[in-house]
Amino acid sequence: MNKRIDKNQELASTERITTTFDRENIDIKRFARQQMEFYRDVKQHIYNLKIDIAEIGSDIEDILYRIECENYKSLDSYKVFKELKMLRNLKKSKERELECCVEMTRKIDCDRLAKILENSYSKVFIDSIQEIKAESDVA
(Lines give C-alpha, C1' and ligand atoms only; values in the text may rest on other atoms or scores of the structure.)
Protein backbone atom coordinates (compact mmCIF):
# COMPACT_ATOMS: atom_id res chain seq x y z
CA MET A 1 0.00 0.00 0.00
CA ASN A 2 2.88 2.37 0.73
CA LYS A 3 4.18 1.95 -2.79
CA ARG A 4 0.77 2.88 -4.18
CA ILE A 5 0.63 6.03 -2.03
CA ASP A 6 4.17 6.91 -3.06
CA LYS A 7 3.31 6.51 -6.74
CA ASN A 8 0.19 8.67 -6.35
CA GLN A 9 2.20 11.34 -4.55
CA GLU A 10 4.86 11.10 -7.23
CA LEU A 11 2.26 11.51 -9.99
CA ALA A 12 0.60 14.40 -8.19
CA SER A 13 3.89 16.21 -7.76
CA THR A 14 5.12 15.80 -11.33
CA GLU A 15 4.76 18.65 -13.73
CA ARG A 16 2.57 18.20 -16.78
CA ILE A 17 4.64 18.10 -19.94
CA THR A 18 2.71 18.43 -23.18
CA THR A 19 3.48 15.74 -25.73
CA THR A 20 2.67 15.48 -29.41
CA PHE A 21 -0.24 13.25 -28.51
CA ASP A 22 -1.76 15.90 -26.23
CA ARG A 23 -2.04 18.47 -29.01
CA GLU A 24 -4.46 16.60 -31.20
CA ASN A 25 -6.97 13.81 -31.11
CA ILE A 26 -5.03 10.75 -32.25
CA ASP A 27 -6.55 7.59 -33.63
CA ILE A 28 -4.31 5.09 -31.84
CA LYS A 29 -5.32 2.18 -34.08
CA ARG A 30 -4.38 4.19 -37.15
CA PHE A 31 -1.14 5.34 -35.56
CA ALA A 32 -0.22 1.77 -34.60
CA ARG A 33 -1.00 0.60 -38.11
CA GLN A 34 1.17 3.33 -39.66
CA GLN A 35 4.12 2.38 -37.46
CA MET A 36 3.81 -1.27 -38.32
CA GLU A 37 3.45 -0.58 -42.05
CA PHE A 38 6.35 1.85 -42.02
CA TYR A 39 8.81 -0.62 -40.51
CA ARG A 40 7.48 -3.44 -42.68
CA ASP A 41 7.77 -1.44 -45.92
CA VAL A 42 10.78 0.84 -45.33
CA LYS A 43 13.19 -1.31 -47.38
CA GLN A 44 10.88 -1.26 -50.39
CA HIS A 45 10.42 2.46 -49.88
CA ILE A 46 14.21 2.86 -50.14
CA TYR A 47 14.19 1.09 -53.52
CA ASN A 48 11.27 3.22 -54.68
CA LEU A 49 13.09 6.40 -53.64
CA LYS A 50 16.17 5.32 -55.63
CA ILE A 51 13.97 4.76 -58.69
CA ASP A 52 12.28 8.16 -58.19
CA ILE A 53 15.65 9.90 -57.89
CA ALA A 54 16.93 8.24 -61.05
CA GLU A 55 13.78 9.21 -62.96
CA ILE A 56 13.96 12.80 -61.76
CA GLY A 57 17.65 12.90 -62.72
CA SER A 58 16.72 11.68 -66.17
CA ASP A 59 14.02 14.37 -66.46
CA ILE A 60 16.56 17.02 -65.45
CA GLU A 61 19.00 15.76 -68.08
CA ASP A 62 16.24 15.86 -70.72
CA ILE A 63 15.50 19.48 -69.85
CA LEU A 64 19.18 20.41 -69.99
CA TYR A 65 19.47 18.73 -73.38
CA ARG A 66 16.44 20.69 -74.65
CA ILE A 67 18.00 23.92 -73.40
CA GLU A 68 21.19 23.16 -75.30
CA CYS A 69 19.38 22.31 -78.53
CA GLU A 70 16.61 24.92 -78.68
CA ASN A 71 16.29 28.67 -78.56
CA TYR A 72 13.76 29.82 -76.02
CA LYS A 73 11.95 33.11 -75.75
CA SER A 74 12.06 34.76 -72.35
CA LEU A 75 8.66 33.45 -71.25
CA ASP A 76 9.52 29.93 -72.36
CA SER A 77 12.93 30.19 -70.68
CA TYR A 78 11.26 31.13 -67.42
CA LYS A 79 8.88 28.16 -67.65
CA VAL A 80 11.77 25.77 -68.34
CA PHE A 81 13.81 27.28 -65.50
CA LYS A 82 10.84 26.95 -63.14
CA GLU A 83 10.35 23.29 -64.13
CA LEU A 84 14.07 22.59 -63.69
CA LYS A 85 14.12 24.23 -60.28
CA MET A 86 11.05 22.28 -59.16
CA LEU A 87 12.64 18.99 -60.27
CA ARG A 88 15.94 19.80 -58.54
CA ASN A 89 14.10 20.62 -55.29
CA LEU A 90 12.08 17.41 -55.55
CA LYS A 91 15.26 15.41 -56.16
CA LYS A 92 16.96 17.00 -53.12
CA SER A 93 13.92 16.21 -50.99
CA LYS A 94 13.89 12.57 -52.12
CA GLU A 95 17.65 12.31 -51.52
CA ARG A 96 17.26 13.60 -47.94
CA GLU A 97 14.42 11.16 -47.32
CA LEU A 98 16.51 8.32 -48.77
CA GLU A 99 19.46 9.25 -46.58
CA CYS A 100 17.26 9.20 -43.46
CA CYS A 101 15.68 5.85 -44.35
CA VAL A 102 19.02 4.23 -45.15
CA GLU A 103 20.59 5.51 -41.95
CA MET A 104 17.62 4.27 -39.94
CA THR A 105 17.75 0.78 -41.46
CA ARG A 106 21.45 0.59 -40.60
CA LYS A 107 20.68 1.18 -36.94
CA ILE A 108 17.31 -0.55 -36.57
CA ASP A 109 16.31 -4.08 -37.51
CA CYS A 110 13.13 -2.93 -39.24
CA ASP A 111 11.88 -6.42 -40.15
CA ARG A 112 12.19 -7.57 -36.55
CA LEU A 113 10.60 -4.39 -35.23
CA ALA A 114 7.69 -4.75 -37.66
CA LYS A 115 7.09 -8.30 -36.40
CA ILE A 116 7.31 -7.18 -32.78
CA LEU A 117 4.86 -4.37 -33.42
CA GLU A 118 2.48 -6.67 -35.26
CA ASN A 119 2.57 -9.22 -32.43
CA SER A 120 2.13 -6.56 -29.75
CA TYR A 121 -0.63 -4.69 -31.51
CA SER A 122 -2.44 -7.86 -32.46
CA LYS A 123 -2.89 -8.53 -28.77
CA VAL A 124 -4.37 -5.07 -28.28
CA PHE A 125 -6.08 -4.41 -31.61
CA ILE A 126 -6.98 -7.86 -32.90
CA ASP A 127 -9.62 -6.53 -35.29
CA SER A 128 -7.25 -3.92 -36.75
CA ILE A 129 -4.52 -6.48 -37.44
CA GLN A 130 -6.98 -8.80 -39.15
CA GLU A 131 -8.16 -5.85 -41.26
CA ILE A 132 -4.56 -5.01 -42.21
CA LYS A 133 -3.83 -8.58 -43.23
CA ALA A 134 -7.06 -8.75 -45.25
CA GLU A 135 -6.21 -5.49 -47.02
CA SER A 136 -2.66 -6.73 -47.72
CA ASP A 137 -4.01 -9.95 -49.19
CA VAL A 138 -6.42 -8.01 -51.42
CA ALA A 139 -3.68 -5.64 -52.66
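The values are calculated or read from the model by the stated rules, or taken from the named source; none is laboratory data. Fair warning: this is a prediction, and the values are worked out from it, not measured in the lab. Don't worry about glycine lacking a Cβ; one is built from the backbone with ideal geometry, like all the others, and counts go over all protein chains shown. Heavy atoms of the whole protein, side chains included, go into the accessibility calculation; ligands, DNA and RNA do not. Shrake-Rupley method; radii C 1.70, N 1.55, O 1.52, S 1.80 Å.
Odds and ends about this structure:
- Taking label points 7 Å from Cα along the Cα-to-Cβ direction, residue 116 and residue 67 give a separation of 4.8 nm.
- Nitroxide proxy distance, nm - points 7 Å out along Cα→Cβ at residue 74 and residue 25: 5.4
- Gyration tensor verdict on region 16-85 (Cα atoms; rounded if a/c is under 1.5, prolate if a/b is larger than b/c, oblate otherwise): oblate
- Residues of region 15-54 with amide N under 12 Å of the 7 Å Cα→Cβ point at residue 124: 27-36
- Extension gain, residue 109 to residue 88: 0.36 nm times the residue separation minus the Cα-Cα distance gives 4.4 nm.
- Theoretical gain in end-to-end length, residue 44 to residue 100 [0.36 nm per residue, Cα-Cα removed]: 18.8 nm
- When the square roots of the Cα gyration tensor eigenvalues are ordered a ≥ b ≥ c, the ratio a/c for region 79-129 is 1.5 or more and a/b does not exceed b/c, which makes its shape oblate.
- When the listed pairs 29/115; 50/107; 43/123; 29/91 are checked against a 24 Å cut-off, the alpha-carbon distance exceeds it for 43/123; 29/91.
- Ranking 118, 24 by solvent-accessible area of protein heavy atoms (1.4 Å probe, all protein chains present), from largest to smallest, gives 24, 118.
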